[in-house]
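Taking it in order: structure first as structure tokens, then the write-up.
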Amino acid sequence: MQPTRIPVQKPLELASQNPLGIDFLSIFFGLLIFTTLFFVFIAIALFLIRRERDKKQEKRSLDSVLLLVAVPRSNEVRIDAMDQLFASLASIKKSGWKMRFDTQPVISFELVAKQEEIKFYVWTSKKLQDLVEKQIHGAYADAEIKEVPEYNIFNEEGYVAYKSLQLKKENYLPIKTYRELSTCLLYTS
């Protein structure tokens, strides 16, 4: 009895026996190349969007204004007026899909202590200047608002000192809310 021989088929013969005539190896490599090119395209697009957004942010910072806000000491406005001011300015926030391609508007409220005086500054873009001034006057009718050049808290004869504090609670919680204060601490001295 002779052993039966099973013929070994070559890869070309196997491909020719594929009933659909599809070369799965070519499809696999084609999909791999397409997926790689797709992700490279997405990465380049995200990089370009980010770069354009950074250019807009730089342009916005150059096209800004610093406002000095002076409220008289005899101000009788309730202490929660600033809460209403912040709530009204929150409406300028952009939302939706368009937000991903643009930067959010920025308003900075700053307290600066210089040589025994405390000054209040508001930094905003020139586009929002009118809105910010109207909202401040809405909350503090007696406030004087002047456009001033940028200040520099550093000088050659001075020095900088700081102290780091640790909070007992989470950092997004206030130290003390205005409802817990009996009077404004800035005007009691």
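What to note about this one:
- Quarter of Cα convex hull surface for the range 58-150, i.e. mean projection, nm²: 7.0
- Annotation for Val40 and Thr4: the two label points, set 7 Å from Cα along the Cα-Cβ direction, are 5.2 nm apart.
- Spin-label model distance (nm) - Leu68 vs Tyr162, 7 Å beyond Cα toward Cβ: 2.6
- Across the cross-link table entries Lys93/Lys163; Lys59/Lys169; Lys56/Lys134, which are compared at the Cα atoms, the separations over 31 Å belong to Lys93/Lys163; Lys59/Lys169.
- For the range 140-160 versus the range 22-49, the gap between their alpha-carbon centres in whole angstrom: 54
- Computed label-point distance, nm, for sites Glu117 and Phe154 using a 7 Å Cα→Cβ extension: 2.4
- D (Stokes-Einstein, µm²/s), Kirkwood Cα radius, the range 104-170, 1.002 mPa s at 20 °C: 143
- Neighbour cut-off at most 16 other Cβ (10 Å), DSSP loop, chymotrypsin sites (Phe, Trp or Tyr not before Pro), the range 99-154: Tyr151, Phe154
Any read-out appearing in this document is the output of simple, stated calculations on the displayed coordinates, not a laboratory observation. Note that the structure is predicted; figures quoted are calculated from it, not measured. Ideal geometry is used to build each Cβ from the backbone, glycine not excepted, and the neighbour counts take in all protein chains shown.
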